[in-house]
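This report concerns only the one structure given below.
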Amino acid sequence: MRFVGLTGCSAVLQGDMAGAGAQVESPWKRHVAEQLKQRDRVQRQAFEEIIHQYNRLLEKSDLQAVLSERLQTDHQNRHDLSPCADAGRSEALLQEMAQIRIRHQEELTELHKKRGELAQNVIELNNQMQLKDKEIQNSEAQMLQYQRRISELEEECRDLRNSLQDLERANQTLKDEYDALQITFSALEEKLRRTTEDNQELVSRWMAEKAQEANRLNAENEKDTRRRQAKLQKDLAEAAKEPLPIDQDDDIEVLQEDAAEPPGDTSPGRALSRTPSRRVSQPPPGGILDSISNIFGRRRSVSLSLDSTETETHSGVCSEVRLPTTALHTFDAHDGEVNAVCFSPGSRVLATGGMDRRVKLWEVVSGRCQLKGALTGSNAGITSIQFDSAGSFLLASSNDFASRIWTVDDYRLRHTLTGHSGKVLAARFLLDNARIVSGSYDRTLKLWDLRSKVCMKTVFAGSSCNDIVCTEQCVMSGHFDKKVRFWDIRAETIVRELELLGRVTSLDLNHDRTELLTCSRDDLVKIIDLRSNAVRQSFSAQGFKCGADWTRVTFSPDGCHVAAGSADGTLFVWNVLTGKLDRTLDKQHGSAINAVSWSPSGAYVVSVEKGSKAVLWSDI
């Protein structure tokens, strides 16, 4: 049998692969078949010559075997015929044949060796084929995994494309809605602008009409006054023409009235009262009218001085101030933050204002605060409150750009003063109780007349006004730009300015109105001497921190102490005479203290906080 080598194996494998390919047409199988064919071509070229030579040697070996048999047959025949003659020749042939056989045997051995090597190569190639088959199987498994992963990714891509399309549609819808809203907003903005202009025009017309009405009322009042004066002068003139008998009793009565007047009065009315009755009719009517006018004027001035004395007695300085040491009553004052607190002049009623848009009145009885009633009408949180000097009216400013006045007895809203374009942060009565001053976030101060209910003056301050105090002819305002401004009410101008180190949050005057107490966001409480216009004293303490732009501090009624609340809920009390800290009261408030008020009697101190609590303090 001839040696077919790798050619036969390749043919067999190709036949198997062809049969398998016929059954299942698959790309990877075609690829394997192509690879096997390529390997067959490469290896066949390497061993083709060896196989050819091996086949030739086999043919020669077969030929030699045939020739040897023939020679042996011939030699035997010849030996039988002539053994002697051919002996030498046969020996030569036998030797030659032996050499040929040896040479062929060597070639056959060499071929067998090559055959073994080729067989070993075939085994190794078979092992490699098995390894490649395993690799192919692993590759097929990985390909299946990759194909499944590709399918999953393609599905995810489709889902993402669908989501992207949905988002694009939603985005387009939102864009269309935004464009529509922008158009609507532009229209509303234009409408608001026109409405604002109309409102300003209406307010201007309303203010002009109110001013005209006030002028008409003033003119009518002046006419009525002149009419009454003319009638009075006429009556007095007629009375002066008629002689009136004056007996001794009348003269004594006049002297008694004059005795009540202060000494040293040298008015003509005093001399007239001591004149006998028979001389009364002698002076000309003009002198009598002047004397009576002087008497009426003097009596009016006396009554006014008595009224002012009574007012000062009613709200004057207390005889004794008690330093707070104990929390007598802690109560929930409002539903939310409490911004303002104030005692009435008689110290019996306490008012608090909060973010719940109410002003509540409390009666202080036996160290406890009992709710009397609530003042309603505000549309936003209360920022400051103040009683008038008689305690009959209460003034409150609020975040709805307005100030309001209630009567304390019946809780009725009497006046609503609007005109600011920002939050009204402070409002105060002037000393005559007929006018008020308000300061706003819109950087203006307004002077209001309560009789005509109109704004008399508007002053631009240049910065948001946080608090206001008033004297006879001066208004002091504390501002966001760290300045305290002093205004002359009559001239509508700034008399002077004083700049502090922080935003001014609170102002307060002592009882004789010679010292101004300030609190600012640099955590300092200062006393300014209004006579020298300089800072006389500064107070600070470890742990004291101003908690807000509207934190209110207060003088004691005698001006000897200062009380202020801190951001951590602690109440600090300083001694003005020594400049030292006298009291530190804590553990009652859970949040920053917004305002502190000292009762005019000096017996109580009230503090309110950013929470809803208020605390009544005393030394009891």
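The values are calculated or read from the model by the stated rules, or taken from the named source; none is laboratory data. Predicted model only: the values in this text are computed from it and were never measured. Using ideal geometry, Cβ is built from the backbone for each residue, glycine included, and neighbour counts are taken over all protein chains shown. In case anyone asks, the SASA skips ligands and DNA or RNA and just uses the protein heavy atoms, side chains included. Shrake-Rupley method; radii C 1.70, N 1.55, O 1.52, S 1.80 Å.
Shape analysis of region 331-407 places it in the oblate category; the axes a ≥ b ≥ c from the Cα gyration tensor give an a/c of at least 1.5, with a/b not above b/c. Cross-link reach is defined here as a Cα-Cα straight distance under 29 Å, omitting same-chain residues fewer than 8 places apart; for residue 457 the lysines meeting it are 210, 223, 423, 446, 482, 483. Restricting region 380-429 to chymotrypsin sites (Phe, Trp or Tyr not before Pro) that sit in a DSSP loop and have at most 16 other Cβ atoms within 10 Å of their own Cβ leaves 411.
Could you do me a favour and compute the accessible area per residue for region 474-581, 1.4 Å probe, result in Å²? Write out the running numbers ahead of the final one.
Working: 4200 Å² over 108 residues.
Value for region 474-581: 39 Å² per residue.
Summarising the label geometry, the points placed 7 Å from Cα in the beta-carbon direction at residue 64 and residue 578 lie 14.1 nm from one another.
Taking each of 360/526; 372/545; 113/134; 526/587; 587/613 in turn, the alpha-carbon distance tops 23 angstrom for 360/526; 372/545; 113/134; 526/587.
Once you have the Kirkwood Rh of region 483-546 from its Cα pairs, apply Stokes-Einstein at 37 °C and 0.692 mPa s and quote D in µm²/s. Mind dumping the intermediate values first?
Working: Rh = 12.5 Å.
The diffusion coefficient I find is 262 µm²/s.
For a quick protection proxy, order the peptides 33-40, 556-563 by their average other-Cβ count within 10 Å, most packed first. Don't jump to the answer; show the numbers that get you there.
On the way: 33-40: 14.6, 556-563: 22.2.
Averaged packing, sorted descending, gives the order 556-563, 33-40.
With the convex hull drawn over the C-alpha atoms of region 66-218, the volume per residue is 232 Å³.
Listed peptides 370-383, 117-130 appear in the order 370-383, 117-130 once ranked by packing, highest mean of other Cβ atoms within 10 Å at the front. Taking the square roots of 5 times each eigenvalue of the Cα gyration tensor of region 385-478, largest first, gives ellipsoid semi-axes of 20, 14, 12 Å.
For residue 175, a cut-off of 22 angstrom between C-alpha atoms picks up no lysines at all, skipping any fewer than 8 places away in its own chain.
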